[in-house]
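**Student:** Provided herewith is a single structure, encoded as structure tokens, for subsequent inquiry.
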Amino acid sequence: MLIVHVHVHVKPDCIDAFRQATLENARQSVQEPGIARFDVIQQEDDPSRFVLVEVYRTAGAPAAHKETQHYQIWRDTVAGMMAEPRTSVKYSNVFPDDSGW
């Protein structure tokens, strides 16, 4: 599995609109066969900061996700809401895994 953490800093006056658009994207994303999990988390001490935790079943699933209409709508909708460009970090799953340890 491939896990991607997308860090987003939203303009304070756009928090509610960003949250609404992102939740709609997440609801549709979890329906994709290549996505095992799609979490939206919001920082408690700074509600303008979000992390999208995207768990993909295959290496090709992120590219397939970016081709979906719901992702493209989300991307275009939230582009002007960000206080700075979003960043992402990719992770490999260590546990649980299939190695038996």
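**Student:** Determine, yes or no, whether Glu32 is crowded, with 16+ Cβ neighbours inside 10 Å and part of a strand (DSSP E or B).
**Tutor:** No, not satisfied.
**Student:** How many residues, within the range 36-57, are surrounded by 13 or more Cβ atoms within 10 Å (Cβ to Cβ) and within 18 Å of Lys90 (Cα to Cα)?
**Tutor:** Residues meeting the conditions: 12.
**Student:** Just one of the numbered conditions (1) farther than 20 Å from Gln69 by Cβ; (2) part of a helix (DSSP H, G or I); (3) in contact with a strand residue (DSSP E or B) (Cβ under 8 Å, 6 or more places away or on another chain) is not true of Asp39; which one?
**Tutor:** (2)
**Student:** What are the pairs, 6+ residues apart or on separate chains, where a residue within the range 70-88 that is free of Cβ contacts under 8 Å to residues at least 40 places away in the same chain has its Cβ under 6 Å from a residue that is among the acidic types (Asp, Glu)?
**Tutor:** none
FYI, it's all coordinate maths here, none of it is from the lab. All of these numbers come straight from a predicted model, not from anything done at the bench. Glycine gets a Cβ as well: all are built from the backbone with ideal geometry, and neighbour counts include every protein chain shown.
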